1. Any residue in segment A:148-160 that is at the interface with chain B (Cβ under 10 Å from one of its Cβ atoms), of a type outside the set (A, V, I, L, M) and more than 28 Å from B:Leu445 (Cβ to Cβ)?
2. Can you name every residue in segment A:112-130 that is within 30 Å of A:Leu171 (Cα to Cα), more than 7 Å from chain B (Cβ to nearest Cβ) and not small (Gly, Ala, Ser)?
3. What's the number of the only condition in (1) over 30 Å from B:Thr23 (Cβ atoms); (2) within 21 Å of the chain's Cα centre (by Cα) that B:Ile318 fails to meet?
4. How about segment B:169-202: which of its residues are surrounded by 16 or more Cβ atoms within 10 Å (Cβ to Cβ), facing chain A (nearest Cβ under 8 Å) and under 30 Å from B:Pro130 (Cβ atoms)?
5. Return only the number of the condition from (1) surrounded by fewer than 20 Cβ atoms within 10 Å (Cβ to Cβ); (2) within 26 Å of B:Phe121 (Cα to Cα); (3) small (Gly, Ala, Ser) that B:Ser375 does not satisfy.
6. Conditions: (1) outside any helix (DSSP H, G or I); (2) facing another protein chain (nearest Cβ under 8 Å); (3) crowded, with 18+ Cβ neighbours inside 10 Å. A:Ala139 meets all but one. Number of the miss?
7. What number of residues within segment B:130-152 are within 14 Å of chain A (Cβ to nearest Cβ) and surrounded by 15 or more Cβ atoms within 10 Å (Cβ to Cβ)?
8. Residues that are hydrophobic (A, V, I, L, M, F, W, C), outside any helix (DSSP H, G or I) and either surrounded by fewer than 16 Cβ atoms within 10 Å (Cβ to Cβ) or within 7 Å of another protein chain (Cβ to nearest Cβ) (or both): does segment A:44-59 have at least one?
Amino acid sequence: MSVPLHGIIAEYETAEELLHAARRAREAGYTRMDAYSPFPVHGLAEAIGFEDHKVPWTVFLSGVVGAIAGFALQYYISVIDYPLNVGGRPIFSWPAYIPVTFETTVLFAAFGAFIGMLAFNGLPQPYHPIFNAPRFERASQDRFFLCIEATDPLFDRTHTRHFLESTGARLVSEVEE
Amino acid sequence: MQEVVHRETERLIEGKHTYESITSKIASVAMGYKHPLPWYVIAAIASAGVFLMIVSIAWLLLRGVGIWGINQPIGWGFAIINFVWWIGIGHAGTLISAILLLLRQQWRTSINRFAEAMTIFAVMCAGLFPLLHVGRPWVAYWLLPIPNWTGAWPQFRSPLIWDVFAVTTYFTVSLLFWFTGLIPDFATLRDRAKKRFAQIIYGILAMGWRGSAKHWHRYEAAYLLLAGLSTPLVVSVHSIVSLDFAVSLLPGWHTTIFPPYFVAGAIYSGFAMVLTLVIPIRAWYKMQDFITMKHLDWMAKVMLATGLIVFYGYIMEIFTALYSGHDAEVYLVANRFFGPYAPFFWALLICNGLIPQALWSPRVRQNIPLLFVISLIVNVGMWLERFIIVVTSLHRDFLPSSWGMYFPTIWDWGLFLGTIGFFTFMMFLFVRFVPMIAIFEMRDLLHRQDEHAPAPTGAPATRVATTEVSG
């Protein structure tokens, strides 16, 4: 009885080799895979068939919420709860509220970017099976990895391994769940 | 576009480097135990400065703001001078990391992490001053819109409350931006750490980052958006700081040139501080391959350009005052040139206006000790500028019967020098524990460099491979 597999992982030396392998895996019909690299490789997300615009939308929406919240806070304080006559100026002197509204917009949007990026990436995540892969500590340093996951409909222990070996990988190994 | 990238990146990393050599060069500083002697000496002096700061604050809390030199009519004194000075220094960090990113200036890569750390510590120092200047810092939370027993709320028509929002937002966003940039590098440190303790700490900080293409995809979107948000933010912060002055009616303060002139001054002083810090540290840690002469040269050029904008601001201030024909404004100019604080004003003109003109010469920009000295002079000049702005306007305004003089006390100096010690100490701790250059961005830069300008020794792939075997 063998341990359940997370997938089969292949190691490459350059970003170009990884890109090439990822494109070939897509052409071969694999859909559930992930690529790992020590820096953002241009076009890699497209190569593994991944596209996601949740972060920009989160930033936009948090910015809108920040703007409304900031302006509403000042309106409530200055007009409703604590109206104060300063030199006969109108109580609802909205141009004076703009700087603070701008700051709360940026603040909320920045939190949206930070928390959104982490949340959609599923971070913080204390455990992930990919860390069981041999030599995976190099993924944050100087090596490039492509992992075809066991949940892929086309996944087959032998065939997938042969396929990855044919893409010019330096090392192909199984990753335990 | 590609062609431009090609030329710009050609030699931003000097010497022969691989992903591994870059990683180990930068990571080994953060994870190593051996540090150059100056690190220990200056960290020790700086920690004495931290004690000085603590003592100055403790004495202030015991005795009140009367221990400072402030009086009527000069109620602002060192607290506001130092606040504006520190926050201005912070601005270069955001400029380098955010604005240069949006402008696709790839040379920012080797200095952005460093400059962002500088921003955070400078804003910490800046925030301390108004907080203590309120007189009763234990009720400083009244500045925030928190419901409290008095039933009173902040007054949103005052630039001082805008400042509270601007500075807290600026600090928070800078911290988020900095930490976001650090996550992949913490993952690198986690994977390189040999000791259990370091593995756990860097592991927690990396939060399970695994460099997946899906991670990077969202990461790059978030990072770019944070840069886009920081850019108008940094302009807003120093504009709002300048409104603290400009919205009042005092001669010399009530002018529309203040916001742009303050922002330019902030960037000017910030680049001076980056140079002051980068020049020794790059030599101690032998980072010349990454922070090249080109980087120093470009920073000097930005300093020269912003310095000229600031100097234009000085000229326009004088012109506007004279052109207005207003007695108090005209007198202010005369008072600056020939009044009791005239030596400071002349020193300011020499430090900020005259000496930086030497940077026109490429020979000066290539001369590292000279560049270092000029950066120190600019730091002093920008401090003098804030001194002149705060003190000369306040000490002689419309009514000669309420004129006065301002002399800082030993506690003013103690707190000011203390924050310099704190800032230096924090920068040294940062260099000691955190990668001082963004490692993943340097790898990316190397990749682009190899991709667009193949080295004469052969294709990038073979170069990496051969080094692997031999190393």
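All of the numbers you see were taken from the coordinates with simple rules; none came from a lab. Remember, it's a predicted structure, so these values are computed and weren't measured experimentally. Don't worry about glycine lacking a Cβ; one is built from the backbone with ideal geometry, like all the others, and counts go over all protein chains shown.
1. no
2. A:Tyr127, A:Pro129
3. (2)
4. Those that are surrounded by 16 or more Cβ atoms within 10 Å (Cβ to Cβ), facing chain A (nearest Cβ under 8 Å) and under 30 Å from B:Pro130 (Cβ atoms): B:Thr169, B:Thr172, B:Val173, B:Leu176, B:Phe177, B:Thr180.
5. Of the numbered conditions (1) surrounded by fewer than 20 Cβ atoms within 10 Å (Cβ to Cβ); (2) within 26 Å of B:Phe121 (Cα to Cα); (3) small (Gly, Ala, Ser), the odd one out for B:Ser375 is (1).
6. Every condition holds for A:Ala139 apart from (1).
7. Number of matching residues: 2.
8. Checking segment A:44-59: at least one residue is hydrophobic (A, V, I, L, M, F, W, C), outside any helix (DSSP H, G or I) and either surrounded by fewer than 16 Cβ atoms within 10 Å (Cβ to Cβ) or within 7 Å of another protein chain (Cβ to nearest Cβ) (or both).
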